[in-house]
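**Q** Have a look at this one before I ask anything.
The values are calculated or read from the model by the stated rules, or taken from the named source; none is laboratory data. This is a predicted model, so every value here is computed, not measured. Here Cβ is always computed from backbone atoms with ideal geometry, including for glycine, and neighbour counts include all displayed protein chains. Only protein heavy atoms, including side chains, enter the accessible area calculation; ligands, DNA and RNA are left aside. Shrake-Rupley method; radii C 1.70, N 1.55, O 1.52, S 1.80 Å.
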Amino acid sequence: MTAMPGRIPMVIRNIPDAIAAVPYLLGFHPSDSLIVIAFAGPYGTCAIRVDLAPAETAEAAERL
């Protein structure tokens, strides 16, 4: 993997690494949220966050 100029690559090898990366991918520490992370190669990462209210958990999971 070749690093892009001015960017430090984030290495995610397992589930704990992915969980630790969430604040960096979103730009803040989420709480009461459903997070979906998608990976497509070394530079294709997408993170989606949806706020959750206890009654809306199943509905939010269905939408994502």
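**Q** Could you order Val11, Val36 by accessible surface area, starting with the largest, using a probe radius of 1.4 Å?
**A** Putting Val11, Val36 in descending order of accessible area: Val11, Val36.
**Q** Continuing with this model, one more query. So which chymotrypsin sites (Phe, Trp or Tyr not before Pro) in the stretch 2-46 are both in a DSSP loop and have at most 14 other Cβ atoms within 10 Å of their Cβ?
**A** Phe28, Tyr43
**Q** Name the residues whose placed amide hydrogens come within less than 5 Å of the amide hydrogen of Leu52, ignoring near sequence neighbours (fewer than 5 apart) on the same chain.
**A** Result for Leu52 returns Ser33, Leu34.
**Q** Another one. Charges at C-beta only: +1 for Lys and Arg, -1 for Asp and Glu. How large is the resulting dipole of the chain about its Cα centre, in Debye rounded to 20?
**A** Approximately 400 debye in magnitude.
**Q** Also, I was wondering about something else. Per DSSP helix of 4 or more residues, -39500 (n - 2.57); summed, then divided by the residues of the chain. What does that give at 222 nm, rounded to the nearest 500?
**A** Result for the chain: -8500 deg cm²/dmol, rounded to the nearest 500.
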